[in-house]
1. Once neighbouring chains are kept in place and the probe is 1.4 Å, which whole percent of the accessible area of the chain is contributed by carbon and sulfur?
2. Quick one: compute the contact order of the chain, relative version, from alpha carbon pairs under 8 angstrom and 6+ residues apart, as a percent.
3. Per residue, what accessible area does the chain have, given a 1.4 Å probe and all protein chains present, in Å²?
4. List, in order, the whole-Hz ³J(HN,Hα) value for each residue of the range 28-35 obtained from phi through the Karplus relation with A = 6.51, B = -1.76, C = 1.60 and θ = phi - 60°; use x for Gly and Pro.
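The values are calculated or read from the model by the stated rules, or taken from the named source; none is laboratory data. Everything numeric here is computed off the predicted structure, so don't read it as measured data. Only protein heavy atoms, including side chains, enter the accessible area calculation; ligands, DNA and RNA are left aside. Shrake-Rupley method; radii C 1.70, N 1.55, O 1.52, S 1.80 Å.
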Amino acid sequence: MPGIDYRAARADIRLVEVLHLIGWEARARWGEQRRGPCPLHGSRSRTSRVFAAHLGKNVYHCFKCGAGGNVLDLWATLTHQPLHAAVLDLCQRLGRPVPWWAARQPRRGPPDYAIE
Ligand SMILES: [Zn+2]
């Protein structure tokens, strides 16, 4: 099975899409940061602001349970799947192509210099 280009997946899938997918609602906004209840440890209060999502940096952090990471980590943790399965699942739900390494253009190596 070809590998997933996690870097491409992280760059392509936005945190806001995942938050939308789970119906998360922000309780506070500061610039690109959104704060609200933590979907991972399950904040009891709907007005909780312990979970911080940075939409620009595509990362999250919970000040209560200490969970944090990038958009792919969030889906893996939420759905209790290993990262590889979580990315496949997430791409399918969002209707996105999976960024396989094999599907990408081969990297261009350094030019061939003629040695005199
Ligand atoms: Zn939490």
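1. Looking at the chain in its full context, I get 52 percent from C and S.
2. In percent, rounded to a whole number, it is 24.
3. 66 Å²
4. Once rounded to whole Hz, the list reads 8, 9, 9, x, 8, 8, 10, 10.
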